[in-house]
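So the structure is just underneath, and the comments pick up after that.
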Ligand code: SF4
């Protein structure tokens, strides 16, 4: 295979094949990949100099989880002294703080709690929407599937009821790598790849859009990474419901799985290949939360158009010992220092403030 002809072809609009993606991930020249990813970004955005971000808050409402994924340092058993479930008032307080800091979205994400059935979420979402003008971009496909199972209802019914109660959209959480031999190894109790995709497909059909994610740098192979991206691209061809693709790197601290952190070079290369691969997903997010601020800035030269959230609160990555904080002003400084223009967006990627 020849990198130059592959990259010229995709820049002219040809779809990257899975074999080519694996070749580029293995043998591609990082600078040529970055150059092409950036050129594609410049071609598809009306205002390619603008880089967006959002102010939101992760509300990890419970750390009690039956899944016990080997890469996770966040979950606790119900009997563990550190186990918690936030009260409604605690959730409300966090939302009020979020609104004070100009936040427009909450991401409620927790463990798979064995006692929280559908009526818990319906009541919580309704109470939030009655009180606050905030977007509920919450739960992941594993949580939706689990809640449906323990409530003895179908995925469709769970999604419809959650939507009626106020759920606006789904984060792409819990995808990790959508390849079953990988999932059996690192998260055997979590939904299969097919079920994750089924939940997303049903959600999109019901008008609940979502993002898609990939956790790279665990025990997956290059082929697994490509298969993961390919499954998401195929579903996007069908539904068009993924607003963004977000990849981040596995953080081994305090996890059962252990291992090493993937290099920033590997991260940036994969990010660039994602931009080239996803000819049907507009937004590709750079990760400063797992990669740090400087690599977050560099991601903007490797195809990313968005830096995600300033993360008023985040506990899942923090549990691995990795903690970066960011204010709105700092995010704006970070973006403008790269020569780009910073803009704050909402959940559906509309710009609501320019700097
Ligand atoms: S990653 Fe999520 S589902 Fe897995 S153990 Fe952690 S909290 Fe539970």
Problem set entry | Test for residue 7: is it without any contact (Cβ under 8 Å) to a residue 24 or more places away in the chain, closer than 23 Å to residue 246 by Cα, away from the ligand (no atom under 16 Å from the Cβ) and outside any loop (DSSP other than H, G, I, E, B) | no
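Does residue 276 satisfy being modelled with pLDDT of 95 or more, away from the ligand (no atom under 16 Å from the Cβ) and touching a helix residue (DSSP H, G or I) at 6+ places or on another chain (Cβ under 6 Å)?
yes
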Problem set entry | Any hit, segment 191-214, residues being within 16 Å of the ligand (Cβ to nearest atom), assigned to a loop (DSSP other than H, G, I, E, B) and touching a residue at least 60 places away in the same chain (Cβ under 8 Å) | no
Exercise. From the set of residues in segment 119-146 that are crowded, with 19+ Cβ neighbours inside 10 Å and outside any helix (DSSP H, G or I), which is nearest to the chain's Cα centre (by Cα)?
Worked result: 140
Problem set entry | residue 46 vs. criteria in a loop (DSSP other than H, G, I, E, B), farther than 22 Å from residue 137 by Cα, free of Cβ contacts under 8 Å to residues at least 12 places away in the same chain and away from the ligand (no atom under 16 Å from the Cβ) | yes
For this session: Read through the list (1) more than 18 Å from the chain's Cα centre (by Cα); (2) closer than 23 Å to residue 110 by Cα, then give the number of the only condition that residue 173 fails.
Result: (1)
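From the set of residues in segment 99-118 that are over 29 Å from residue 80 (Cα atoms), touching a residue at least 24 places away in the same chain (Cβ under 8 Å) and not in a loop (DSSP other than H, G, I, E, B), which is nearest to the chain's Cα centre (by Cα)?
The initial filter retains those residues of segment 99-118 that are over 29 Å from residue 80 (Cα atoms), namely 99-105.
Keeping just the survivors that are touching a residue at least 24 places away in the same chain (Cβ under 8 Å) gives 99, 101-105.
So of that shortlist, the ones also not in a loop (DSSP other than H, G, I, E, B) come out as 99, 105.
Working: 99: 22, 105: 14 Å.
Looking at the filtered set, the residue picked out is 105.
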For this session: Go over the candidates 152, 89, 77 one by one and state the one that is without any contact (Cβ under 8 Å) to a residue 60 or more places away in the chain, farther than 29 Å from residue 326 by Cβ and either in contact with a helix residue (DSSP H, G or I) (Cβ under 7 Å, 6 or more places away or on another chain) or away from the ligand (no atom under 13 Å from the Cβ) (or both).
Result: 152
Problem set entry | Where residue 245 falls short, out of the listed (1) within 16 Å of the ligand (Cβ to nearest atom); (2) within 17 Å of the chain's Cα centre (by Cα); (3) at negative phi; (4) not in a helix (DSSP H, G or I) | (1)
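The values are calculated or read from the model by the stated rules, or taken from the named source; none is laboratory data. Source: prediction; values computed, not measured. Positions of Cβ are generated from backbone atoms using ideal geometry, with glycine treated the same way; all protein chains shown enter the neighbour counts.
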